[in-house]
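What follows is a single structure, written as structure tokens, with notes after it.
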Amino acid sequence: MTIYVDADACPVKAEVERVGTRHRHPMVIVSNGGIRPSVNPLIETVIVAAGPDEADKWIAERAGPSDVVITADIPLAAKCVAAGAQVLKHNGEPLTADNIGNVLATRDLMADLRAADPFLQGRGGGFTKADRSRFLDALERALRRIKG
């Protein structure tokens, strides 16, 4: 069981480390660079080649059943769900086989709308304390489910 973190622009790395350490699960923090490696022996820091989606490709090739993936990247989430991994967004929202199709469709629709109307750029809400709390709760539940 491994926790994979798509670490570029991830606001919950410290929370993953805290919960993962408490449960004694190995964690892999994957990024294109700019991340300070942790001294925690349960954490492996992987720096992938610069380029679009390199971290996503690395995670997608490895994640599988009994793994947890933390990402906001919806195409990566879809690949990991298909591989049997549990996937959580930074706000604690689980991405599952039941909802990933709708989430992908919504993502594509919003990308098309933003491309057609530049005034829709940057309208997402900020990351809040409530999001962080929901994430902690969701990660805790995911790890307990895996332990069975």
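The values are calculated or read from the model by the stated rules, or taken from the named source; none is laboratory data. All values reported here derive from a predicted model rather than from experimental measurement. Glycine also receives a Cβ, built like all others from the backbone with ideal geometry; neighbour counts cover every protein chain displayed.
Tabulated data for the structure shown
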| read-out | value |
| --- | --- |
| Output for region 108-139, where each listed residue is among the charged types (D, E, K, R), modelled with pLDDT under 65 and not in a helix (DSSP H, G or I) | Arg123 |
| Count of residues meeting criterion [part of a strand (DSSP E or B) and of a type in the set (Asp, Glu)] in region 36-78 | 1 |
| Qualifying residue in region 80-94 (condition: farther than 26 Å from Ala14 by Cβ, buried (at least 16 other Cβ atoms within 10 Å of the Cβ), over 14 Å from the mean Cα position of the chain (by Cα) and modelled with pLDDT of 95 or more) | yes |
| Single residue of Ala77, Ala60 found to be surrounded by 17 or more Cβ atoms within 10 Å (Cβ to Cβ) and more than 27 Å from Ala130 (Cβ to Cβ) | Ala60 |
